[in-house]
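Colleague: Below is the structure I would like to discuss, written out as structure tokens.
Only the coordinates and a few stated rules stand behind these numbers; no lab work does. The structure displayed is predicted, hence computed values, not measured ones. When we count neighbours, we look across all protein chains shown, and the Cβ atoms used for this are built from the backbone with ideal geometry, even at glycine.
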Amino acid sequence: MQSLGSSPLSRRRYLSRAELAERHGARAEDVEEVRRFGADFGLTVTTVALDRRTVKLRGAPSAFEKAFGIQLAEYQHPRGTYRSHDTPLRVPAALASAIVGVFGLDTRPLLRPHFRRGTDPAAAGLPIPTVGAAYAFPSGADGTGVTVGLLEFGGGYATADLQQFFGGLTPPANPTVLAVGVDGATNAPAGDPNGDNGEVELDIEMVGALAPGAKIVVYFAPGGEQGFVDALTTAMHDTANAPAIVSISWGGPEPTWSQQGLDAFNQVAEDAAQLGVTVLAAAGDQGASDGEPPGTLAVDFPASSPNVVACGGTELTLNGTSIVSEVVWNELAEGDGATGGGVSQQFGLPSYQSGVHVPPAPNGSAGRGVPDVAGNADPVTGYAIVVDGQAAVVGGTSAVAPLYAALFARYVQSLGKPLGFVNPLLYAPAAAGTFRPITTGNNDGYSAGPGWNPCTGLGSPNGSALRTALQT
């Protein structure tokens, strides 16, 4: 274990989960007000979690319609049928200041995985450990004693696939992998209509190959706003596994989220920071528009949350483990995607980005710049993994979030302390020179250049140098 001396990281003090609940949990009197409100419409309180600031109600659909002044209906979506309403929810004035959001009435599947399969059938893909070596992942640590949480919103993993992949590494690995179900979702690799197994197994195989000593806990949840918020709160308050790092490879364009969804998730991410948990998210795979109509500039959420480490993508060329070149990942013209990135129109400029010249947001405001960091994401070369019993070559920014999760797991082990809200430390003067700046390329909306940019952030990591910077 390295001595931290008087580094900023060593001076941090985190709350225990009990302390967080005591200081920032829901108030009992607000819960009673919700209970009285529900009873007026025939709704019953089934669950109260003061630490998670959550109250769950049960009742007939017609009772919810009357209680919140809406009309529920079913709609069709490429990822399945969902329930929603056309008019805004109404909340009683007595509860307006206490309620951040009402979830579960709108089950739209907002989250999509940010991984891409390579289109060249002859491509072999880069071995994950080779990329880790190219990024100078520090030796002497493998994540032992650290738990990494992965949030997943579809598909699943097969034990046989993981055994095939990890058994083929040199040396072979055997990481501990556990599944935790949230809101009725489970590890479901069979009958995967959306191809989500590729996302789940990429995440696990990336973390396990680069931090084989870490425990990997996979939280499966439905892909709507309620499932998303519940997945993160479940991970935050999982005392049995206590993840120090949570990686999210799913997201959606900021404009598609409700304000209550943005606010609720961001509050939970703030809780994570106070607990010492680091949250990372993929920045998206559809360039500067994030899949919105042509000419639109939009960033992906949750990567745009200022409490999350946003992970963008590069195209990496190696000679062995030496970097020959690294540019912005942009294969949109070939149909192979591009890194997300840009400026948030929902979240203001955070103080840690005040000195990196983030351009104005599309609406002219000073917004949070995305991404913070970057790594190899190009599916044309991609990573060699195993999915559904077959070798596959995949990429996308969803590979970059778990890549950094594995790097940070090594840090937590070697430094002997959680990183917590690491964003200010990444932008601090001490970390200057610990990232390889990406100065060539664009994402069809923004261009790379010296220093931070809205395509690849601060750049790709020099893992050993960054660890040194964090402990000084």
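Colleague: Per 10 Å bin, what is the whole-percent P(r) computed from every C-alpha pair distance within region 27-95?
Modeller: P(r) for region 27-95, in whole percents per bin: 18, 43, 30, 8, 0.
Colleague: Sticking with this structure for a sec: Can you give the angle from 0 to 90° between the axis of helix 259-275 and the longest principal axis of the chain, with both taken from C-alpha atoms, to the nearest 10?
Modeller: 60 degrees
Colleague: Continuing with the same structure: Determine the relative contact order of the chain: mean sequence separation of Cα pairs under 8 Å and six or more apart, normalised by residue count, in whole percent. Mind dumping the intermediate values first?
Modeller: Values: 1174 pairs, mean separation 89.1, N = 472.
Worked out over the chain, it gives 19 percent.
Colleague: Another one. If Lys and Arg each add +1 and Asp and Glu each add -1, what is the summed charge of the other residues whose beta carbon sits under 9 Å from the beta carbon of VAL393? Don't jump to the answer; show the numbers that get you there.
Modeller: Values: positive: ARG117; negative: ASP120.
Cβ neighbours under 9 Å give a net charge of 0.
Colleague: As a check on your grasp of the helix formula, calculate [θ] at 222 nm for the chain: sum -39500 (n - 2.57) over DSSP H runs of n ≥ 4, divide by the residue count, round to the nearest 500. Could the numbers behind the result be given before it?
Modeller: Details: 11 runs with 117 residues, N = 472.
For the chain, the value works out to -7500 deg cm²/dmol.
Colleague: If every alpha-carbon in region 335-472 counts as one equal scatterer, what log10 I(q)/I(0) does Debye give at q = 0.10, 0.20 1/Å?
Modeller: So the normalised log intensities are -0.37, -1.25.
Colleague: Which of the three applies to region 158-247, rounded, prolate or oblate, going by the alpha-carbon gyration tensor with a ≥ b ≥ c and a/c under 1.5 meaning rounded? Let's see the in-between values first.
Modeller: Details: a/c = 2.43, a/b = 1.35, b/c = 1.80.
Here region 158-247 falls in the oblate category.
Colleague: May I pose another question? Mind jotting down the distance between the C-alpha centroids of region 89-167 and region 1-76, whole Å?
Modeller: The two parts, judged by their Cα centres, are 24 Å apart.
Colleague: Let me ask something additional. How far, in nm, would the chain grow between THR119 and ARG83 when pulled straight, counting 0.36 nm per residue and subtracting the alpha carbon separation? Kindly include the intermediate steps, with their values, before the conclusion.
Modeller: Details: separation 36, 0.36 × 36 = 12.96 nm, distance 3.52 nm.
Extra length available between THR119 and ARG83 comes to 9.4 nm.
Colleague: Something else now. Counting only DSSP beta bridges with both residues in the chain, what percent are antiparallel, rounded to the nearest 5?
Modeller: On the way: 34 of 63 bridges.
Of the beta bridges lying entirely in the chain, close to 55 percent run antiparallel.
Colleague: Next question. When only C-alpha pairs under 8 Å and at least 6 residues apart count, what is the relative contact order of region 144-244, in percent? List each step's numbers first, then the result.
Modeller: Values: 180 pairs, mean separation 44.8, N = 101.
Reported as a whole number, the value is 44 percent.
Colleague: Quick check for me: using +1 on Lys/Arg Cβ and -1 on Asp/Glu Cβ, what's the dipole size of the chain about its Cα centre, in debye to the nearest 20? Let's see the in-between values first.
Modeller: Numbers: 26 positive and 43 negative charges, 275 e Å.
So the dipole magnitude of the chain works out to roughly 1320 debye.
Colleague: Okay, moving on. Using +1 at the C-beta of Lys and Arg and -1 at the C-beta of Asp and Glu, which of ALA158, PHE115, ALA406 has the Cα lying farthest in the positive direction of the dipole of the chain?
Modeller: Farthest along the dipole direction, towards plus: ALA406.
Colleague: Using Cα pairs under 8 angstrom and six or more residues apart, how large is the relative contact order of region 27-95, in percent? Before the final figure, lay out the partial values.
Modeller: Working: 80 pairs, mean separation 16.3, N = 69.
So the answer I get is 24 percent.
Colleague: Still on this structure: Starting from the Kirkwood Rh over alpha-carbon pairs, what translational D in µm² s⁻¹ does the chain have by Stokes-Einstein at 20 °C and 1.002 mPa s?
Modeller: Values: Rh = 22.4 Å.
Roughly 96 µm²/s, to the nearest whole number.
Colleague: Moving on to the next point. Determine the dipole magnitude for region 275-426: charges of +1 sit on the beta-carbon of Lys and Arg, -1 on that of Asp and Glu, nothing else is charged, the reference point is the Cα centre, and the result goes in debye to the nearest 20. The partial results should precede the final answer.
Modeller: Values: 3 positive and 12 negative charges, 153 e Å.
Charge dipole, region 275-426, about its Cα centre: 740 debye, nearest 20.
Colleague: Per 0.36 nm of contour for each residue apart, how much would the distance between SER62 and THR170 grow if the chain were fully extended, relative to their Cα-Cα spacing?
Modeller: Working: separation 108, 0.36 × 108 = 38.88 nm, distance 5.87 nm.
Here the answer is 33.0 nm.
Colleague: What dipole magnitude, in Debye to the nearest 20, does region 1-159 give about its Cα centre under +1 on Lys/Arg Cβ and -1 on Asp/Glu Cβ? Walk me through the intermediate numbers first.
Modeller: Details: 20 positive and 15 negative charges, 35 e Å.
With Lys and Arg at +1 and Asp and Glu at -1, about 180 debye.
Colleague: While we're here: Just to confirm the number: angle between the C-alpha axis of helix 225-236 and the first principal axis of the chain, 0 to 90 degrees, nearest 10?
Modeller: 70 degrees
Colleague: Using alpha carbons only, how many degrees (0 to 90, rounded to 10) separate the axis of helix 197-210 from the longest principal axis of the chain?
Modeller: 50 degrees
Colleague: Among the lysines, which have Cα under 21 Å from the Cα of LYS215 when same-chain residues fewer than 8 positions away are ignored?
Modeller: Answer for LYS215, where 21 Å is the Cα cut-off: LYS417, listed by chain and number.
Colleague: If the cut-off is 28 Å between C-alpha atoms, which lysines fall inside it for LYS66, apart from same-chain ones fewer than 8 positions away?
Modeller: Result set, ordered by chain and number: LYS56.
Colleague: Would you mind finding the longest exposed-site-free stretch of the chain, with exposed trypsin sites (Lys or Arg not before Pro) meaning DSSP loop and at most 14 other Cβ atoms within 10 Å? Each step should come with its number before you reach the end.
Modeller: Numbers: sites that count: ARG11, ARG13, ARG27, ARG90.
Longest gap between qualifying sites, sites excluded: 91-472.
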